[in-house]
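Student: Below are the structure tokens for one structure; questions will follow.
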Amino acid sequence: MPETTPRSKFPRTFWVANVMELFERAAYYGLNSVLAVYLTAEVAGGGLGFTEGSVGFLQSLIYACNYVVPILGGALADRYGYRRMLLVAFAMLSTGYFAAGYMSAYGAVFAALLLMASGGGLFKPIISGTIARSTNESNSGFGFGIYYWMINLGAFLAPLVVSILKGFSWRYVFLASSAYVALMFLPTLFVFKDPPLPEN
């Protein structure tokens, strides 16, 4: 009988979750690599012309939301199911990214980005929980290594794509981020299955 490789020990849900992480991180890092520039750039140059102080306030709250919402997201995922909450998270993410690209008023942009950040906060504990529950003592180190590699890969590739897209239109950057996460509806609906719950 052939020797089992570490890769063959991971269930399909593990790989689906990693692909989702790659696309979600690509959406996040792609936009955030240029977001501050876009918000403060002159209107004549295609930006929104917000002051640096107002943008700093906006981004500080958005980043805070990214760290606070996962507490709620984890509880909701345990209660209502990972798959169901993934659909909610991707809906919030894709809508937030898309809307932010079409808004120009400060309050509207703030609301759209807050929706995006809330969706990201719901997403985080679901994927990390899926990775934890689809690995075991023999392969968890390797499994989380793949997971973090996906994060880094998304963070590396997305800004390269953004550097091309923003040359055509700032709006394309938002549309690309929205499309990345909207595509994840397909594996969520047809491939992803909730990982087994722990015995306790």
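Student: Calculate the length of the line joining the C-alpha centroid of region 9-80 to that of region 141-200, in whole Å.
Tutor: 11 Å
Student: Taking only protein heavy atoms into account and a 1.4 Å probe, give the accessible area per residue of the chain in Å².
Tutor: 52 Å²
Student: Let me ask something else about it. Between L87 and A179, what is the FRET efficiency for a Förster distance of 22 Å, r being their Cβ-Cβ separation, to the nearest 0.05?
Tutor: The pair L87/A179 has a calculated efficiency of 0.85.
Student: Just round it to a whole percent: the fraction of Cα-Cα distances in region 118-198 exceeding 16 Å.
Tutor: Counting every Cα pair in region 118-198, those more than 16 Å apart make up 66 percent.
Student: Across bins of 5 angstrom width beginning at 0, how are the C-alpha pair distances of region 15-81 distributed, in whole percent?
Tutor: 4, 14, 14, 20, 18, 12, 9, 7, 3, 1
Student: Could you work out the relative contact order of region 32-123, using alpha carbon pairs under 8 angstrom and six or more residues apart, expressed as a whole percent?
Tutor: That works out to 30 percent.
Student: Sticking with the crude label model, points 7 Å out along Cα→Cβ, report the distance from Q59 to L72 in nm, one decimal please.
Tutor: 2.4 nm
Student: Let me ask something else. At 7 Å along Cα-to-Cβ for each site, give me the label-to-label distance between Y102 and I164 in nm.
Tutor: About 2.6 nm, to one decimal.
Student: Something else about it: Would you indicate which of (i) -0.41, -0.81, -1.12; (ii) -0.44, -0.93, -1.25; (iii) -0.36, -0.80, -1.20 is the value of log10 I(q)/I(0) by the Debye sum over Cα atoms at q = 0.09, 0.14, 0.18 Å⁻¹ derived from the coordinates of this structure?
Tutor: (iii)
Student: Let me ask something additional. Can you tell me which of G81, G30, G154 moves the most in a GNM of the chain? Springs connect C-alpha atoms under 10 Å apart.
Tutor: G81
Student: Please give me the summed charge of the neighbours of K124: other residues whose Cβ is under 12 Å from its Cβ, Lys and Arg +1, Asp and Glu -1.
Tutor: -1
Student: Right, next: Relative contact order (percent) for the chain, with alpha-carbon contacts under 8 angstrom and 6 or more residues of separation?
Tutor: It rounds to 38 percent for the chain.
Student: Cross-link partners among lysines for K124, C-alpha distance below 19 Å, same-chain residues fewer than 8 apart left out?
Tutor: K193
The values are calculated or read from the model by the stated rules, or taken from the named source; none is laboratory data. If you're wondering where the values come from, they're calculated on a predicted model, not measured in any experiment. Every residue, glycine as well, gets a Cβ built from its backbone with ideal geometry; the counts of neighbours run over all protein chains shown. The area values use the complete protein model at the heavy-atom level, side chains included, leaving out ligands, DNA and RNA. Shrake-Rupley method; radii C 1.70, N 1.55, O 1.52, S 1.80 Å.
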